1. Helix 171-185 versus the longest principal axis of the chain: what is the Cα-based angle in degrees, 0 to 90, to the nearest 10?
2. Measuring from label point to label point, each 7 Å out along Cα→Cβ, what is the Ser149 to Arg188 span in nm?
3. If Lys and Arg each add +1 and Asp and Glu each add -1, what is the summed charge of the other residues whose beta carbon sits under 14 Å from the beta carbon of Ala99?
4. Please state the shape class of segment 1-76: rounded when a/c is under 1.5, otherwise prolate if a/b exceeds b/c and oblate if not, all from the C-alpha gyration tensor.
5. How high is the relative contact order of segment 17-163, in percent, counting Cα pairs under 8 Å that sit 6 or more residues apart?
6. Can you give the three extents of the C-alpha atoms in segment 7-131 along their principal axes, from longest to shortest, in whole Å?
7. Run the helix sum for the chain: -39,500 (n - 2.57) per DSSP H stretch of 4+ residues, divided by residue count, reported at 222 nm to the nearest 500 deg cm²/dmol.
8. In the chain, what is the count of Lys pairs whose alpha carbons are under 23 Å apart, counting only pairs at least 8 residues apart or on separate chains?
Amino acid sequence: MSDDLVVHVVEDDLVMRDALLLLLRSASLPARGYASAEEFLADPDCGRSVCLLVDVRLPRMDGLALQKHLVSRGADPATVMITGHGDIPLAVAALKAGAMDFVTKPFDPAALLDSVREAWQRAANTRQRAVAAAENDARFQTLTPREASILALLAQGRPSKIIASELEISVRTVEHHRARIMEKLGARTLSQLIRIALERFG
């Protein structure tokens, strides 16, 4: 499991919140509790890719509003909603807004854990992709303007000879730049480099 990824439990009922935290921790899922959506939003970690277990019915900002708020801020929360039977239309609206699942009260602990584990894994994958993207951005920042131009042309399928002609440099210079680009971006083969270029410019 990711060292710093926890399940954020947003539940205003203290007894229920403590029971959920105990259940999650007993299943080796690190968890942190909040009495309200506002308390959760005050946590600096809320802006990252998070795993969220939230009651649909909360005072002030409810679970659906919290989900929509996080999405509007560019976050990608992996959310499981806890709902009463009368809240199912609201839970369906939450699913349409991007929540992964909803579990009705009284919930089956095993079913809840399955849903949360799935959400946790999605949040972990999203966070890993974000870290990889940040690392790639940092590598791209090391490219010179000339190297960036050559990489963009590679993404368009231009061979070295055409790139050399368009940039009015020699083919050998293009290949020298390409070797430096591969080194900076950590590409071991030309196909890897082109894949990276397509992800960046495609």
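Derivation of every value follows stated rules applied to the coordinates shown; laboratory data play no part. Values in this document were obtained by computation on a predicted structure and should not be read as measured data. Cβ placement follows ideal geometry from the backbone for every residue including glycine, while neighbour counts extend to all protein chains displayed.
1. 20 degrees
2. 3.2 nm
3. Details: positive: Lys68, Lys96, Arg122; negative: Asp55, Asp62, Asp76, Asp87, Asp101, Glu118.
With Lys, Arg at +1 and Asp, Glu at -1, the net is -3.
4. On the way: a/c = 2.18, a/b = 1.15, b/c = 1.89.
In terms of gyration-tensor shape, oblate.
5. Working: 151 pairs, mean separation 27.7, N = 147.
It rounds to 19 percent for segment 17-163.
6. So the three principal-axis extents are 37, 30, 24 Å.
7. On the way: 9 runs with 115 residues, N = 202.
Roughly -18000 deg cm²/dmol at 222 nm, from the helical runs in the chain.
8. Working: Lys68/Lys96; Lys68/Lys105; Lys96/Lys105; Lys161/Lys184.
The result is 4.
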